[in-house]
1. A 24 angstrom limit on the alpha carbon distance is what I want to check against. Which of Lys255/Lys468; Lys494/Lys738; Lys35/Lys130; Lys559/Lys649 exceed it?
2. Using a 1.4 Å probe on the protein heavy atoms, what percent of the accessible area of the chain belongs to carbon and sulfur?
3. Taking the Cα of Ala61, stepping 7 Å toward and past its beta carbon, and measuring to each backbone N in region 125-168: which are under 20 Å?
4. Each label point is 7 Å from the Cα along the Cα-to-Cβ direction; what then is the distance between the points at Arg600 and Arg476, in nm?
5. Using a Förster radius of 45 Å, what is the FRET efficiency between Ser517 and Glu237 based on their Cβ-Cβ separation? Nearest 0.05, please.
6. Tell me the per residue accessible area of region 518-717 using a 1.4 Å probe; a whole number in Å² is fine.
7. May I ask you to work out the translational diffusion coefficient for region 39-159 at 4 °C, viscosity 1.567 mPa s, via Stokes-Einstein with Rh from the Kirkwood sum over Cα pairs, reported in whole µm²/s?
8. Tally Lys/Arg at +1 and Asp/Glu at -1 over every other residue whose Cβ is under 14 Å from the Cβ of Cys110; what's the total?
Amino acid sequence: MLISIRSLRLSLRFIVPLVVALILLAYAVVPLVDKLTLRWFVRDMDIRSRLIGNTLQEPLAELLRQGNSDKINALLLRAIQDERLLALGFCGSDGTLRYHTTTFPEAIDCTSVTARKKGTIPLHQLPQGKVHVAVHTMMDEGAHSGDLVLIHDMSFVEIRSADTRKYVILLFALLGIVTSVITVFVAHLSWRGWMEGVRAMLRGEGLLKPFSQPAVASEFQPLVGDLRTLLRTLDSERRFADDATVTWSPDSLRKLLHKQLTGERVIVVSNREPYIHSHADGKIEVHRPASGLVTAVEPVMRACSGTWIAHGSGSADRETVDHHDRVQVPPENPEYTLRRIWLSPEEESGYYYGFANEGLWPLCHIAHVRPIFRSSDWLQYVAINQRFADAVIKEAASDDPVVLVQDYHFALLPAMIRQALPKATIITFWHIPWPNPESFGICPWREELLKGMLGSTILGFHTPYHCKNFLETVDRYLETRIEHESSTISRRGKLTLVESYPISIQWPPPWQETQPSVAACRAEIRAALGLSPEHKVGIGVDRQDYTKGILERFRAVEKMLELRPEMSEHFTFIQIAAPTRSALDDYQTFEDQVRNLAARINQRFARGNWQPICLKAQHHEPEIINQYFRAADVCMVTSLHDGMNLVAKEFVAARDDEQGVLVLSQFTGAAHELPEALIVNPYHIEQTAEALYQALTMADFEQRERMISMRALVRDFNVYRWAGRMLLDAARVRQREKLADRIGRES
Ligand code: F6P
């Protein structure tokens, strides 16, 4: 409806007082109009009387000279045939009424009318009504012979005045109505423009340009600008207040979800599943994969509950699900649902190994490995994204679910979900770096990937630098509106907020209560390797991925032993290297390189039973890795490029004894948060070797200072904050969209 009841009510509030005011004004104006019209009529009568007087002058003078009374009376009688001329009389020069028509009022006498002063209004009030009395001086041969008194009926003036009053009031009322209708119409148009603007702004679109849309009336632009600034300020103040007041924990995350997202259960989508069931020795075993993503998202899921949709990759996964492909996890104490998606070997080969890991992975990491793009892989990638999107749609309990899409396996998923569930809140987190526009531009399906990602409500990266790269990439390859100030991209009326959310780990660590003491861990691990209690131990924990800088790390160990031969037999570097993506040539080659390099270095420096590098190329459960972290003197994270790297944070979290040194690559997201680590360029082998030596010889108090500061950061900026910040931003967007919809319905 063009004009709703609400705006009609608003309009009436304006129209009624305006019309009443105009009618009152009309009443005030009427006496003035009366006075004015009376003056016009009197002037009319004066002229008319003069005219009649002049006309009668000659015949009357002649008859007066003849003294013919009958003829004089007849002349006067004839003259008053005019409807307005009520009476005529002739006053002699002696002041007596000598001749008059029978209609001549008794109340009027010659003396009073002839003596009337000039300028006074010639009106007399008689019992039968108002009359106009004019006196025409009669001259005969140059001498005053008497006065002709002309009396006009003025009752018509009153009738006319009443008519005029009526018309004036009607005119004013009409004027009031027309004015208010025009005003209300114009105001309504402006109001609609304004409300459109406010709605767009609440949806975030208004943040994109300074309200130059034609829909927004120009006169409101300054106000809208202020409103935009106000919203931004409010947002940043709320974020600041959140950081200052919220202690991020599973509990606060649960409360947040309950309060801000009205208890929504979230749907998480990732390729890697958090629990893998496999056959081993005739039994079914469950284990947790070596995955930063799983490390981060699993505690969030336990805090929020909901459904996690992932690829069922374990050999016993099909046997452990129900007939909806669901299994409750964690197995020992179920808190959420894992929904498994099945892939054929061809599908896994094209979507996961091919497009995701031979294409996108090297594309996004600067590790000097060439991406490989095949059309057949792309088709599988599209098909599997659609399969996961269908699963999300099935699992959604409402038409506006909160969906957390994880990583580069699902760049197309956000737009696919959005198409089926336009009101969904889709938070996509990209766990790996985002390259610069030139690097990304070599992907043959760059536009499709970007369009897919822009189906997200919020798109998260680890660092502001990756956000900047993404905005620039979109700017280069797609037609969109980008506002850098608010870090938003608008495409086809849909807005995506691009924000950095540094990922982290669970705090306190899950094994806090049950883990062995640091002393016990040190003793156990040294004993297992046949090392003395004082022996220095370094640790590295990675998937065997060419981005992790494992070769550079080994070379740094080699260089350190070269430069500091006194460390021989006193230091061992343990590398836990979980096999990963072994079906790919690049990864097989890399595994060989790692093994060969470790063997060469060991051969070069080995003395007796001692070898500098202990390579453990198999999967280790997180609890065991935690014990290695506690046992080590130094942890080396030397990634050539890494979105965040959670191993660095896990090492810090493991060290409640506030000892141990972290050597950290400057090319990790973690380096931005942990400057107290010894920051190195892993390509610079001597520098890394020097840092390793510095770590091994660092005084306890310095280790403590650095570790206390890093632990405070990991404690406060834990994974609940990571998820909480994203969910809070999502809640704000949802609130604004709902408000915008309401305004849309009501305006
Ligand atoms: O960083 C990308 C990522 O998905 C991580 O979250 C995770 O640590 C790793 O890759 C796991 O890779 P995959 O699932 O291929 O073993």
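The values are calculated or read from the model by the stated rules, or taken from the named source; none is laboratory data. A quick note: this is a predicted structure, and the numbers were derived from the prediction, not measured. Positions of Cβ are generated from backbone atoms using ideal geometry, with glycine treated the same way; all protein chains shown enter the neighbour counts. Accessible surface is based on the protein model in full, side chains and every heavy atom, while ligands, DNA and RNA are left aside. Shrake-Rupley method; radii C 1.70, N 1.55, O 1.52, S 1.80 Å.
1. Working: Lys255/Lys468 32 Å; Lys494/Lys738 15 Å; Lys35/Lys130 15 Å; Lys559/Lys649 26 Å.
In this structure, Lys255/Lys468; Lys559/Lys649 lie more than 24 Å apart at Cα.
2. On the way: 18630 of 34170 Å².
Whole-percent figure for carbon plus sulfur exposure: 55.
3. 135-150
4. About 3.5 nm, to one decimal.
5. Values: r = 44 Å, r/R0 = 0.98.
Rounded to the nearest 0.05, the efficiency is 0.55.
6. Details: 7610 Å² over 200 residues.
Counting only protein heavy atoms, the per-residue value for region 518-717 is 38 Å².
7. 90
8. Numbers: positive: Arg98, Arg116; negative: Asp94, Glu106, Asp109, Asp147.
Counting the neighbours of Cys110, the net charge comes to -2.
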